[in-house]
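Some notes on the structure that comes next.
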Amino acid sequence: MREEGLRITSDNRVHVFGTGVEGVVARSERVVVGFANVTIRTVEHVSIDADGAMPSLVGQSVILAARAEDAKGERLAGSLPWVWTSSNETVVAIAPTTTALGGRMRASAIAPGRARITVSGENVTTSIDVQVIR
């Protein structure tokens with residue numbers, strides 16, 4: 001039998017199982033001090049946002065961010081463990097930003113050629129092609 005909903009452990013870690021809306025009650029010495037509904041949705045798609053134009057000249061760089069979306073195309077909040085790769089690190093190198101929160105990564109043009117930047121996580125993957133011309 002598959003566990004559904006969420007569970008909070010004694011060290012206050014939240015473990016999520018399945019999707020839906022769950023209620024969370026905060027208590028202090030058996031007195032209810034707060035309540036929240038938590039909506040749990042699955043990641044169905046990931047897209048890549050860029051903070052500018054993709055680097056096409058050697059020495060240019062851009063910050064990329066992974067954006068998780070649900071089945072309706074709505075952005076999901078929070079930070080997921082994304083894995084970034086470049087098909088050709090000699091053309092476009094990728095590196096975490098100094099604030100690598102939310103799946104942000106810096107892509108830098110190193111040499112002329114083509115590379116594919118891929119981001120994956122939570123069973124979803126997407127890629128973008130980059131051409132460095134000079």
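The values are calculated or read from the model by the stated rules, or taken from the named source; none is laboratory data. Given the structure is predicted, the values throughout are model-derived calculations rather than measurements. Virtual Cβ from ideal backbone geometry, glycine too; neighbours counted across all protein chains shown.
Can you find, within segment 109-134, the residue that is farthest from PRO81 (Cα to Cα) among those that are touching a residue at least 60 places away in the same chain (Cβ under 8 Å) and of a type in the set (A, V, I, L, M)?
Out of the qualifying residues, it is ILE133.
Can you tell me which residues in segment 101-122 are closer than 15 Å to GLN60 by Cα and buried (at least 20 other Cβ atoms within 10 Å of the Cβ)?
MET105, ALA107, ALA109, ALA115 - these are the residues of segment 101-122 that are closer than 15 Å to GLN60 by Cα and buried (at least 20 other Cβ atoms within 10 Å of the Cβ).
Condition check ((1) assigned to a loop (DSSP other than H, G, I, E, B); (2) under 28 Å from GLN131 (Cα atoms); (3) among the β-branched types (Val, Ile, Thr); (4) at pLDDT 75 or above) across all residues:
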| site | (1), (2), (3), (4) |
| --- | --- |
| GLU3 | yes, no, no, no |
| VAL16 | no, no, yes, no |
| ALA36 | no, no, no, yes |
| VAL46 | no, yes, yes, yes |
| ASP49 | no, yes, no, yes |
| MET54 | yes, yes, no, yes |
| GLY78 | yes, no, no, no |
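When you go through (1) farther than 30 Å from THR9 by Cα; (2) touching a strand residue (DSSP E or B) at 6+ places or on another chain (Cβ under 9 Å) one by one for HIS45, which number turns out not to apply?
The number of the failed condition is (1).
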